[in-house]
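Following: one structure in structure tokens, then a few remarks.
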Amino acid sequence: MYYKKLNLILLCLASVCITSCQSYFYSKVPEPFTSNAETQEIDNSLYAKKLQKLVDKEFPKADLKIASDHFNILIVGQVDSQGTKEAVVELIKKQQAVREVFDYTTITENPSYDSSSSIVYKVQERLSKEPDIISKRITVIYADGVIYLMGTNIGDLSHLARAIKGIYVIEGVTKVVNLVIPGRSDYNSGR
């Protein structure tokens, strides 16, 4: 009888311990927690929104757009000084799970960058027409005439290069910055 009670007490303690460990673990991982490839797009969006809110609060005079792909962070837009530019980058780098920061901000007296969802749509459409590219794995950002492409495990990188040439003919695009990081599923067919 004594051992049954002792076993029951130990079982309850183990259950409480495991629950506490899970709560501690989930409080330490970055929000949102990336669980698998299907949720990566949602995770990227939520993490970018979290960082955007933080940057907007800390730097209300800056006009910035934050994008995330696999915890690689892109910062585009405009700030009013070199000090602000550096402070934004440092703030982002301090955030949990950030792998790399790509800073493409510009300095201007009155920060205000140009963005266009119709140009982003045209770029996404162009990428989707390219065979052997998984276009939904590519994040497309537009700011001040420049298209930024982020992603990994997108497929055939030579087809991406061909798609980038096609992006330059879209009205309003002056430059394309390719920040796609080759992953295990990427290859180069040479076509």
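Does A48 satisfy the criteria of being over 23 Å from V173 (Cα atoms), aliphatic (A, V, I, L, M) and either modelled with pLDDT of 95 or more or within 19 Å of the chain's Cα centre (by Cα) (or both)? Yes, satisfied. Residues of region 65-75 that are assigned to a strand (DSSP E or B) and surrounded by fewer than 21 Cβ atoms within 10 Å (Cβ to Cβ): K65, N72.
Within region 143-175, if we keep just the residues that are touching a helix residue (DSSP H, G or I) at 6+ places or on another chain (Cβ under 7 Å) and part of a strand (DSSP E or B), the residue that is farthest from N44 (Cα to Cα) turns out to be I147.
All conditions in (1) in contact with a strand residue (DSSP E or B) (Cβ under 7 Å, 6 or more places away or on another chain); (2) in a loop (DSSP other than H, G, I, E, B) hold for V123, with the sole exception of (2).
Residue count for region 162-191 under the criterion of being open to solvent by 30 Å² or more (accessible area, probe 1.4 Å), closer than 15 Å to I134 by Cα and within 21 Å of the chain's Cα centre (by Cα): the result is 4. Close Cβ contacts (under 6 Å, 6 or more residues apart or on different chains) running from residues in region 172-191 that are farther than 22 Å from N72 by Cβ to residues that are at pLDDT 90 or above and among the acidic types (D, E) comprise S189/D156. Counting just the residues of region 76-88 that are open to solvent by 30 Å² or more (accessible area, probe 1.4 Å) and not hydroxyl-bearing (S, T, Y), which one comes out farthest from K57 (Cα to Cα)? Restricting to residues being open to solvent by 30 Å² or more (accessible area, probe 1.4 Å) and not hydroxyl-bearing (S, T, Y), the top hit is Q82. In region 90-101, the count of residues that are within 21 Å of V180 (Cβ to Cβ), at pLDDT 95 or above and in a helix (DSSP H, G or I) is one or more.
Comparison of S81, S112, S189, S128 shows that the only residue that is in contact with a strand residue (DSSP E or B) (Cβ under 9 Å, 6 or more places away or on another chain) and farther than 20 Å from K65 by Cβ is S189. Total residues in region 89-141 satisfying the condition of being open to solvent by less than 60 Å² (accessible area, probe 1.4 Å), within 22 Å of R184 (Cα to Cα), out of contact with any Phe, Trp or Tyr (no Cβ under 9 Å at 6 or more places or on another chain) and of a type in the set (A, V, I, L, M): the figure is 4.
The values are calculated or read from the model by the stated rules, or taken from the named source; none is laboratory data. Since the model is a prediction, treat every value here as computed from it, not as a measurement. Please note: Cβ atoms are built from the backbone with ideal geometry, for glycine as well, and neighbour counts cover all protein chains shown. SASA here: full protein model, heavy atoms, side chains in, ligands and nucleic acids out. Shrake-Rupley method; radii C 1.70, N 1.55, O 1.52, S 1.80 Å.
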